[in-house]
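Student: The structure follows.
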Amino acid sequence: MKIEVRKPTENERKEASSWPIWSKEVSSFPWRYAKKETCLILDGEVTVKAGNEEVSFKSGDYVIFPEGLDCAWNIQKAVRKHYKFG
């Protein structure tokens, strides 16, 4: 399962601005995605490890996590993101 990290298009950025916001302090925790999640990172720096894959993302990145992904989050700088499940 692949985590997609890229810069959002202008339309994606506009759409994401209406999504809820989630924030979390510097921390590490395991997570399982029961549904696909799409998010736009507003602030922070995060590394997510899933099996042999490790991806990092930060403010301005557009990230898509696939359904069924088991991973571990490592937040290096407090994160704020718009998010949408499904």
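Student: If you take the residues in the stretch 22-43 that are under 18 Å from Lys7 (Cα atoms) and acidic (Asp, Glu), which one is surrounded by the most Cβ atoms within 10 Å (Cβ to Cβ)?
Tutor: Glu37
Student: Return yes or no: is Val46 of a type in the set (A, V, I, L, M, F, W, C), buried (at least 17 other Cβ atoms within 10 Å of the Cβ), under 16 Å from Val79 (Cβ atoms) and under 9 Å from the mean Cα position of the chain (by Cα)?
Tutor: Yes; evaluated as a whole, the condition is true for this residue.
Student: Are there any pairs, at least 6 apart or on different chains, whose C-beta atoms fall under 6 Å, with the first in the stretch 8-32 and in contact (Cβ under 8 Å) with a residue 60 or more places away in the chain and the second among the charged types (D, E, K, R), and if so, which?
Tutor: From the stretch 8-32, the pairs are Trp19/Lys84; Trp22/Lys81.
Student: Where residues in the stretch 49-75 are touching a Ser or Thr at 6+ places or on another chain (Cβ under 8 Å) and more than 14 Å from Val5 (Cα to Cα), which of them is surrounded by the fewest Cβ atoms within 10 Å (Cβ to Cβ)?
Tutor: Ala72
Student: Here is a further query. Looking at Tyr83, is it among the hydroxyl-bearing types (Ser, Thr, Tyr) and touching a residue at least 60 places away in the same chain (Cβ under 8 Å)?
Tutor: yes
Student: Still on this structure, please answer the following. Looking at this structure, is Lys2 part of a loop (DSSP other than H, G, I, E, B), exposed (fewer than 13 other Cβ atoms within 10 Å of the Cβ) and in contact with a Phe, Trp or Tyr (Cβ under 9 Å, 6 or more places away or on another chain)?
Tutor: Judged against the criteria, Lys2 is not a match.
Student: So, Lys58, is that one out of contact with any Leu (no Cβ under 9 Å at 6 or more places or on another chain), of a type in the set (D, E, K, R) and within 14 Å of Lys84 (Cβ to Cβ) or not?
Tutor: No; evaluated as a whole, the condition is false for this residue.
All of the numbers you see were taken from the coordinates with simple rules; none came from a lab. The structure presented is a predicted model; accordingly, all values stated were derived computationally and were not measured. Methodologically, a virtual Cβ is constructed for each residue, glycine included, from the backbone with ideal geometry; neighbour enumeration extends over all protein chains shown.
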